[in-house]
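Student: Could you have a look at this structure, given as structure tokens, before my questions?
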Amino acid sequence: MAPVPLSPINVGHIDDVQELRKFKPTKIPERFVRNETERPSLSTANLSSACKTIPVVDLSKLVKGSKDEFQKEISKLAISCEEWGFFQVINHGIDLDLLESLEKVGKDFFMQPLEEKQKYQMAPGTVQGYGQAFVFSEDQKLDWCNMFALGVEPHFIRVPKLWPTKPSKFSVTVEEYSREIRKLCQKLLSFIAMSLGLDKDTFEEMFGVAVQAVRMNYYPPCPRPDLVLGLSPHSDGSALTVLQQGKGSSVGLQIRKDNTWVPVQPVPNGLVINIGDTIEVLTNGRYKSVEHRAVTDKEKDRLSIVTFYAPSYEIELGPIPQLVNENFPCKYKRYSHGEYSKHYVTNKLQGKKTLEFAKIQTQNSS
Ligand code: OGA
Ligand code: NI
């Protein structure tokens, strides 16, 4: 959630998808209809791809397991990060009532009348508040999604007027939740460092006061889920992302694996974790930020609550020296996280294209 461009941009008219839905349109407005190649073809969510499921990591075995349990789980974590860029974490230690409370205030927020939500309207080209982020032009296709996003830490990134007063418990719940998720990210990053053979504090020491933002994505049912996307394909600019899927929601998150889209089936009380671009760069590509997207459902709505955890903006990043050698030559340049964050939020979501920014151009690369 870095500073945003000052020049005015024309994003055209953006329909609010929850309002659209009220009219039960039989025809989807053109701006939401994807080109054929981008549509979520039915083959993506079928059985053959559903056989693949993202790994599940038991955090309790890393925190207090026996030596054997720890070893087994840490190898699983390494494989998850190397081969999937995604895993679900169970026994994460966060109070389930807190997860439920957040989901409740989140859902209640989106169920309010449009006028109430518009008090927190996201300005064009910015990423905090209510609306659609990452829209920069009139002809850009839109996602079938309403977002509400807030910068949380450090405090200077907060925009106080965007913190809702209704539902009354919204803001305190986000605060409490964010504190717990922050601790979880710190723990996960220490195990991720260990899984790479690095000192457990490597990332914590490097990150400074980490930047943390939360975004709630609400996907109303869509009469033509075959034509639209809930959220465009992208990788996250963060170091780590934590995603909570609403109980009873449709299955909507899909990740790109071996060129098919694999749906992420939620595990009860689990959280979905994914590696962001920053960890890909720091690990010199060993751990990957994997492209993902969200699709919609004809009958069911879906709420996802997503936390982005990243280094402080002034921190300079580049591949960690221990992970660069003859066999693994340096693939990414050095830059500050603020630069990357600005680049990320001023471009539309388009697969892993944003990470091109950080790549060292070699003679063989296009
Ligand atoms: C995101 C994201 C997926 C989802 O917000 O970055 O990938 O299922 N969300 O909402
Ligand atoms: Ni994402």
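The values are calculated or read from the model by the stated rules, or taken from the named source; none is laboratory data. All values derive from a computational prediction rather than experimental measurement. Glycine also receives a Cβ, built like all others from the backbone with ideal geometry; neighbour counts cover every protein chain displayed. Accessible surface is based on the protein model in full, side chains and every heavy atom, while ligands, DNA and RNA are left aside. Shrake-Rupley method; radii C 1.70, N 1.55, O 1.52, S 1.80 Å.
Student: Mind listing which GluC sites (Glu not before Pro) in the stretch 277-366 are in a DSSP loop and have 15 or fewer other Cβ atoms within 10 Å?
Tutor: The qualifying sites are Glu299, Glu314, Glu326.
Student: Between Thr53 and Thr362, what is the spin-label point distance in nm, taking each point 7 Å from the Cα along the Cα→C-beta axis?
Tutor: 3.7
Student: Rolling a 1.4 angstrom probe over the protein heavy atoms, how many square angstrom per residue are accessible across the stretch 255-366?
Tutor: 46
Student: Among Leu243, Pro113, Val57, whose Cα projects farthest towards the positive end of the dipole of the chain, with charges put on the beta-carbon of Lys, Arg (+1) and Asp, Glu (-1)?
Tutor: Pro113
Student: If you don't mind, another one. Once you put a point 7 Å from the Cα of Glu83 and another 7 Å from the Cα of Ser66, both along the Cβ direction, what distance in nm separates them?
Tutor: 2.5
Student: Still on this structure: For Asn35 and Arg224, calculate 0.36 nm times their separation in residues minus their Cα-Cα distance, and state this gained length in nm to one decimal.
Tutor: Extra length available between Asn35 and Arg224 comes to 66.7 nm.
Student: Something else about it: Which percent of the accessible heavy-atom area of the stretch 199-268 goes to carbon and sulfur, probe 1.4 angstrom?
Tutor: Solvent-exposed carbon and sulfur of the stretch 199-268 make up 53 percent of the total.
Student: Ignoring ligands, DNA and RNA, what percent of the accessible area of the stretch 284-366 is carbon or sulfur (1.4 Å)?
Tutor: 49
Student: Separate question: Jot down the per residue volume, in cubic angstrom and as a whole number, of the convex hull over the alpha-carbon atoms of the chain.
Tutor: Once divided by residue count, the hull of the chain is 145 Å³.
Student: By its C-alpha gyration tensor, with a ≥ b ≥ c as the square roots of the eigenvalues, how is the stretch 106-219 shaped: rounded for a/c under 1.5, else prolate for a/b larger than b/c, else oblate?
Tutor: prolate
Student: I would also like to ask the following. In percent, how large is the relative contact order of the chain, given Cα pairs closer than 8 Å and 6 or more residues apart?
Tutor: 22
Student: For the pair Asn347 and Arg21, what calculated FRET efficiency results from E = 1/(1 + (r/R0)^6), where r is the Cβ-Cβ distance and R0 = 22 Å, to the nearest 0.05?
Tutor: Approximately 0.20, to the nearest 0.05.
Student: Students often forget the sequence filter, so: which aspartates and glutamates lie under 19 Å Cα-Cα from Lys67 once same-chain residues fewer than 8 apart are removed?
Tutor: Within the straight-line limit of under 19 Å, Lys67 reaches these aspartates and glutamates: Asp58, Asp199.
Student: Based solely on its DSSP helices, what 222 nm [θ] is calculated for the chain when runs of n ≥ 4 H residues each add -39,500 (n - 2.57) and the sum is averaged over all residues, nearest 500 deg cm²/dmol?
Tutor: -7500 deg cm²/dmol
Student: Taking only C-alpha pairs under 8 Å that are 6+ residues apart, what is the relative contact order of the stretch 210-366 in percent?
Tutor: 32
Student: Report, by chain and number, residues whose modeled amide H sits under 5 Å from the one on Thr260, excluding near sequence neighbours (fewer than 5 apart, same chain).
Tutor: Those lying under 5 Å, H to H, from Thr260: there are none.
Student: How many nm separate the modelled label positions at Asn269 and Glu175, each set 7 Å beyond the Cα in the direction of the Cβ?
Tutor: 2.8
Student: Quick check: the angle from helix 170-195's long axis to the longest principal axis of the chain, C-alpha only, nearest 10 degrees?
Tutor: The angle comes out near 30 degrees.
Student: Just how large is the dipole of the chain about the Cα centre, in debye to the nearest 20, putting +1 at every Lys and Arg Cβ and -1 at every Asp and Glu Cβ?
Tutor: Once rounded to the nearest 20, the dipole reads 520 debye.
Student: Ok, one more. Among Gln186, Pro233, Pro221, whose Cα lies farthest out toward the positive end of the dipole of the stretch 156-238, if unit charges sit on the beta carbon of Lys, Arg (+1) and Asp, Glu (-1)?
Tutor: Going by the Cα projections, it comes out as Pro221.
Student: So how far, in whole Å, is the C-alpha centre of the stretch 124-191 from the one of the stretch 262-332?
Tutor: 17
Student: Enumerate the amide H contacts of Trp163 below 5 Å, restricted to partners 5 or more residues apart or on another chain; note that Pro and chain-start residues carry no placed amide H.
Tutor: Sorted by chain and number, the residues that satisfy this come to none at all.
Student: Right, something else. I need the phi-derived Karplus couplings for the stretch 73-88: 6.51 cos²θ - 1.76 cosθ + 1.60, θ = phi - 60°, integer Hz, Gly and Pro marked x.
Tutor: 6, 5, 5, 4, 4, 4, 5, 4, 6, 6, 9, 10, x, 9, 7, 10
Student: Using each residue's phi in the stretch 62-68, evaluate 6.51 cos²θ - 1.76 cosθ + 1.60 at θ = phi - 60° and report the 3J(HN,Hα) Karplus result to the nearest Hz, with x for Gly and Pro.
Tutor: Values per residue, Gly and Pro as x: 7, 7, 9, x, 5, 4, 5 Hz.
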